[in-house]
Every structure is written in C-alpha cells, then in structure tokens.
Amino acid sequence: MDKANLPTFSVLPRHVGIIMDGNGRWAKSRGLPRYKGHIEGARTFRKIGEFAGDLGIECLTFYAFSTENWSRPPEEVAAIMDLFREYLRELDARKAENEEKGIQVRFLGDRRAIPKDIQRMMQYSERITRKKHRVLLNIAVNYGSRQEILHGVQALAHEVEKGRLRAKDITEQMLSDHLYTAALPDPDLIIRPSGEYRLSNFLLWQAAYAELWFTDTLWPDFTEEDFVEALRAYEHRNRRFGGV
Ligand code: IPE
Ligand code: IPE
Ligand code: MG
C-alpha cells in the first residue's frame with residue numbers, strides 16, 4: 001500500500017492481537033512442505049507489522065508459537081525455530097532502521113524451553129530496542145494463556161504462603177501484573193485468519209472485552225487490505241463493556 005496514501009480511521013485499536021494461522025494449509029494447497037508455509041507466513045508477519053506501525057497502532061501482539069505447538073513433528077518445530085533465528089538476526093542488522101521507526105520488540109511466553117541461542121538473541125533484541133516507544137511489537141513464542149495465568153496464580157499463592165498477602169486482598173490488577181502483558185493495554189481487537197473461530201490459548205484473560213475478527217484467508221495470503229478491513233469492522237463495533 002502506498003505510504004503517502006495511508007487510510008485513516010475514526011477510531012484505532014490501541015492494541016491488536018493476531019493469531020498467525022493457516023501456514024500449513026497454505027503450503028499443502030500448493031503441494032509444498034509445511035515449512036514453506038511458515039516461511040511465507042514470516043513474510044506476512046513482517047509486512048503487517050510494518051504496516052500496522054505506519055498506521056499508528058501502538059501495540060501489536062503476534063502469536064507465533066504456542067505451548068501446544070511443540071507437539072508438531074520435530075522437523076517442523078526446527079524449521080520454525082530457524083525462522084525465529086533469521087528474524088532475530090535481521091532485527092540486529094536493522095537496528096538503526098527500527099530505532100528510527102521507534103519499534104520496541106518484546107517476547108511473551110515461557111523462554112526456558114526455547115533453544116539457548118534464541119533466548120540470548122531475544123534478550124539482546126529486547127535490550128537494543130528498549131528505549132523506543134512509538135510501536136510496541138510483542139511476539140508470543142512458547143506462549144500459552146493458561147500457563148501464563150497459572151504462573152501468575154502460583155506467584156500470588158507464594159505471597160500468601162509467605163504471609164505477605166491475604167487471599168481476599170488479591171485483585172484483578174495483581175493477576176494482570178503477573179502476566180507477560182503486565183503494563184500493556186488489553187487487546188482491543190483480535191484477528192484470526194484461516195477460517196478457525198477460536199482463541200487457541202491466546203490472551204484468554206486479557207481478551208475479556210476484545211473485539212474478534214475472523215477471515216477465511218490463510219495467514220500467508222493475508223494482505224494490508226485485509227488488515228484495513230479488520231480495522232474498518234472495528235471502527236463500527238459498539239463496545240459496551242457490560243454497560244448500555
Ligand atoms: C500457524 O500456521 C503457525 C503456527 C502455529 C506455528 P499452522 O502451521 O497452524 O497452519 P495450519 O493451521 O496447519 O494451516
Ligand atoms: C494457533 O494456531 C497458534 C499460533 C498461531 C501460534 P494453531 O494452529 O496451533 O491452533 P489450533 O491447533 O488450530 O487451535
Ligand atoms: Mg493452525
């Protein structure tokens with residue numbers, strides 16, 4: 001899309017979550033191995049991330065790999081990990097460019113199961129982009145919402161055990177503060193491509209009042225126009241948060 005002619009919106013979500021789904025089917029429909037779909041999906045991720053930043057969306061969360069995705073064939077998992085490596089190297093190579101755009105990168109999820117070299121690169125990318133503020137780009141890797149909530153509950157239970165907190169004093173805010181998304185606004189809009197109508201363990205607590213938008217398009221085929229369509233739909237949603 002032409003950068004000089006970006007669409008404008010009467011209201012923009014502050015935080016958009018995207019479940020990048022459909023890579024495997026995209027490859028299969030072309031008679032290609034699944035990893036080719038992930039390669040293409042990674043391209044779409046770069047494109048949409050950049051476009052969303054250009055539109056002025058302040059916070060994006062891309063679901064890249066779930067706690068359940070380890071159950072896939074090892075060669076597929078390895079191919080996905082290689083794509084992370086490639087992306088992380090690119091973040092380093094494009095340091096100056098990203099700094100100019102004000103992109104801050106953060107990873108959500110349990111890092112301990114991720115290969116050590118990737119963990120180091122994740123930490124490094126977060127460090128070099130730490131001061132930037134315009135766009136916060138979250139990438140959920142080995143992320144599972146139930147696991148995230150469970151860890152938060154365990155941390156709070158530990159405080160109770162130590163006598164530092166009373167069970168009845170636990171607030172919603174305290175649990176929110178123990179999630180990977182602590183301090184981020186809740187997602188306003190969650191996009192899921194590929195014709196699946198579920199959250200698949202993505203931001204379950206945070207999505208309490210998120211608007212959901214679905215499309216049959218597979219993630220590798222997802223375009224800037226599709227993203228605009230989702231934002232247009234969001235513009236017309238009437239968010240009531242339980243009120244009238
Ligand atoms: C999403 O695409 C990428 C990951 C979950 C890592 P899929 O690989 O789930 O693609 P489909 O759903 O099999 O088509
Ligand atoms: C959701 O896609 C996870 C990511 C996109 C990272 P899946 O393909 O894993 O979800 P299910 O299995 O269809 O629910
Ligand atoms: Mg899938």
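The values are calculated or read from the model by the stated rules, or taken from the named source; none is laboratory data. Since the model is a prediction, treat every value here as computed from it, not as a measurement. Note: ideal-geometry Cβ built from the backbone for every residue, glycine included; neighbour counts use all protein chains shown. Surface areas here come from the heavy atoms of the whole protein model, side chains and all, with no ligands, DNA or RNA. Shrake-Rupley method; radii C 1.70, N 1.55, O 1.52, S 1.80 Å.
Using only Cα atoms, locate the centre of the range 208-228 and the centre of the range 86-148, then give the distance between them in Å, rounded to an integer.
Distance between centres, Cα-based: 23 Å.
Please say if the range 93-244 is rounded, prolate or oblate, where rounded means a/c under 1.5 for a ≥ b ≥ c the square roots of the C-alpha gyration tensor eigenvalues, and otherwise the choice is prolate for a/b larger than b/c and oblate otherwise?
Cα axes put the range 93-244 in the oblate bin.
Among the GluC sites (Glu not before Pro) within the range 109-202, which fall in a DSSP loop and have no more than 15 other Cβ atoms within 10 Å of their own Cβ?
The qualifying sites are E196.
Dividing the alpha-carbon Rg of the range 2-48 by 2.2 N^0.38 Å yields what?
1.56
Heavy atoms of the protein only, probe of 1.4 Å, neighbouring chains included. What is the accessible area of V153 in Å², nearest 10?
The value for V153 is about 70 Å².
In the Gaussian network model of the chain, springs joining C-alpha atoms below 10 Å, which of L136, L165, L60 carries the largest mean-square fluctuation?
Checking each option, the largest mean-square fluctuation is seen for L165.
Once Lys and Arg get +1 and Asp and Glu get -1 on their Cβ, which of L137, V153, Y63 lies farthest toward the positive end of the dipole of the range 53-154?
Of the options given, the answer is V153.
Non-local amide H neighbours of R14 (under 5 Å, H modeled in plane, Pro and chain starts lacking H): which ones?
Residues meeting the criterion, in which the H sits 1.01 Å from N, are D188.
Between W205 and T223, with labels modelled 7 Å along Cα→Cβ, what's the label distance in nm to one decimal, could you check?
4.0
Please identify the helices of the chain, taking whole runs of DSSP H, that span at least 15 Å along their own axis as judged from the Cα atoms and have a mean Kyte-Doolittle score of -0.5 or higher.
Membrane-span-like by this criterion, though nothing is claimed about a membrane: 74-93, 145-161.
Among Q123, A4, I39, whose Cα projects farthest towards the positive end of the dipole of the chain, with charges put on the beta-carbon of Lys, Arg (+1) and Asp, Glu (-1)?
It is Q123, whose Cα lies furthest towards the positive end.
What does the extension gain come out to for E75 and L175, with contour length at 0.36 nm per residue minus their alpha carbon separation?
Extra length from E75 to L175 when fully extended: 32.4 nm.
Taking 30 Å as R0, compute the FRET efficiency from the Cβ-Cβ separation of R130 and K28 and round it to 0.05.
Here the calculated transfer efficiency is 0.15.
Using protein chains only and a probe of 1.4 angstrom, how many square angstrom of T129 are accessible, to the nearest 10?
My reading of the accessible area for T129 is about 10 Å².
In nm, what is the difference between 0.36 nm times the number of residues separating T8 and E90 and their Cα-Cα distance?
Length gained between T8 and E90: 26.5 nm.
Find which of Y197, L218, A167 sits farthest along the positive direction of the dipole of the range 118-220, computed with +1 on the beta-carbon of Lys and Arg, -1 on that of Asp and Glu, about the Cα centre.
Checked the options; the winner is A167.
Only four residue types carry charge here, +1 at the Cβ of Lys and Arg and -1 at the Cβ of Asp and Glu. Report the dipole size of the chain about the Cα centre in Debye, rounded to the nearest 20.
560
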